[in-house]
Amino acid sequence: MPIPVSALIGSTRRLVVAIVLFVALDLTVLVINLWLANQMAHDAVAINLSGRQRMLSQQTTKALLLATGAAGANDVAAANQELTSAFGLFERTLDAFADGGETRGGDDRPVVLSAVTGDAARVVAEARTLIAPLRPLLNPPPDNAPDASRNRAAADYMVRHNREILALMNSLTSTLERDSVRRARELRAIQTGAFVLALGNFLAIVIGMLRQFHAVQNDGQRWREMARHDPLTGLANRKAFTEAGLGVLARAQVDRRPGAVLMLDLDGFKPINDTHGHATGDRILIALAGRLESTARATDVVARLGGDEFAILCPNLHGADNIDHFCSRLVAAIAGIPDDVCPDCRLGASIGIAVYPDGGYDLNQLLGAADRAMYAAKKSGGNRWQIG
């Protein structure tokens, strides 16, 4: 039966086995086709020769009657020659049907027959028994010349049993045709079964490969997402921030739109890490990421650049009042983080801001300006923001 699709997924070895099995089944179908064609050709020859047996029996009877009724020696010789040829081929073909062997075909070329079985073998056996009395009459010893009395006896015998011989030859033809149809049906059933198995296996291979392809695609997408996101906080990392920033700034430059880039560094984070351990520090960073995302607008890009350093790209954020309002919300959100994570800790943030188009549309220049403004805010006591 076809290999289950689930067995293919994630297993290259099983997929290779399925492909090999498909090729084997496909070759099996091909071999059956060749076997069927050869069997049909063989059966067609046998059926044709069984039909010729009726003609040869009639030809034998006619030659016997001519041999016994001919007036001239030449006519008798011609009749005897025809008799020898017809009965000899009739007997030889019947023996080939019975035991397997060679006879002559309709084009006078050698033909090898296989011994018949079943009902056909029974019919052939009856026919051989029926013509057995003719053999000593029509096949005299080599040193005996054809004898008119033997021909008359043979002719009488053939006339009396003509209908029986014809009926047996007709029965042989019908039986061979029936056997040929049965064999063809059996071979076609095997052929169909092999084809269905090959088709099922092929579909399983295709579905398995498609699922593997989608799995690889999903894995690739997952790795790409992992490569673009900070593993601790789930925020965009520096690479993703850079890609997004370049795109936003390129569009802003074309549309002459303003905006701001914020650099944010935590105040008091190192003492928390040193006193309460990195596990507490990690929880604070995770909580910070959530606060930043909930405070930022839908169009903003929030990223962790490394350690306790974060960046926010804010398209269309401009004007001192708007920037002050946004930054005050950020500072308030960050100051409330210890209440949930470390109640006895104190946490603040220094924020540097660079605006565009005043600072240009180059991301690196904007980040540099925001970074310098952030360090200026930190030197001024921290927990505040400053526009560069």
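The values are calculated or read from the model by the stated rules, or taken from the named source; none is laboratory data. All of these numbers come straight from a predicted model, not from anything done at the bench. When we count neighbours, we look across all protein chains shown, and the Cβ atoms used for this are built from the backbone with ideal geometry, even at glycine.
Answer with yes or no whether Ala73 is small (Gly, Ala, Ser) and under 21 Å from Ala167 (Cβ atoms). Here the answer is no, as Ala73 does not meet what is asked. Name the single residue that is nearest to the chain's Cα centre (by Cα) among those in the range 57-112 being within 30 Å of Asn38 (Cβ to Cβ), part of a helix (DSSP H, G or I) and among the polar types (S, T, N, Q). Going through the qualifying residues, I end up with Thr93. Taking every residue in the range 120-131 that is at pLDDT 90 or above and pairing it with any residue that is among the hydroxyl-bearing types (Ser, Thr, Tyr), at least 6 positions away or on another chain, the pairs with Cβ-Cβ distances below 8 Å are Ala120/Thr175; Val123/Ser171; Val123/Thr175.
Scan the range 154-163 and give yes if some residue there is touching a residue at least 40 places away in the same chain (Cβ under 8 Å), within 24 Å of Arg183 (Cβ to Cβ), in the same structural domain as Val181 (by TED's automatic domain parsing) and not charged (D, E, K, R), otherwise no. Scanning the range 154-163, I find no residue that is touching a residue at least 40 places away in the same chain (Cβ under 8 Å), within 24 Å of Arg183 (Cβ to Cβ), in the same structural domain as Val181 (by TED's automatic domain parsing) and not charged (D, E, K, R), so the answer is no. All conditions in (1) in contact with a Gly (Cβ under 7 Å, 6 or more places away or on another chain); (2) loosely packed, with under 15 Cβ neighbours inside 10 Å; (3) of a type in the set (Asp, Glu) hold for Asp107, with the sole exception of (1). Does Asn383 satisfy the condition of being surrounded by fewer than 16 Cβ atoms within 10 Å (Cβ to Cβ) and either of a type in the set (S, T, N, Q) or touching a residue at least 24 places away in the same chain (Cβ under 8 Å) (or both)? Here the answer is no, as Asn383 does not meet what is asked. Within the range 313-351, the set of residues being over 30 Å from Asp274 (Cβ atoms) and either part of a helix (DSSP H, G or I) or not assigned by TED's automatic domain parsing to the domain that holds Arg256 (or both) comprises Ala320, Asp321, Asn322, Ile323, Asp324, His325, Phe326. Residues that are surrounded by fewer than 16 Cβ atoms within 10 Å (Cβ to Cβ), under 58 Å from the mean Cα position of the chain (by Cα) and more than 19 Å from Arg228 (Cβ to Cβ) within the range 291-328 comprise Ser294, Arg297, Asn316, listed in sequence order.
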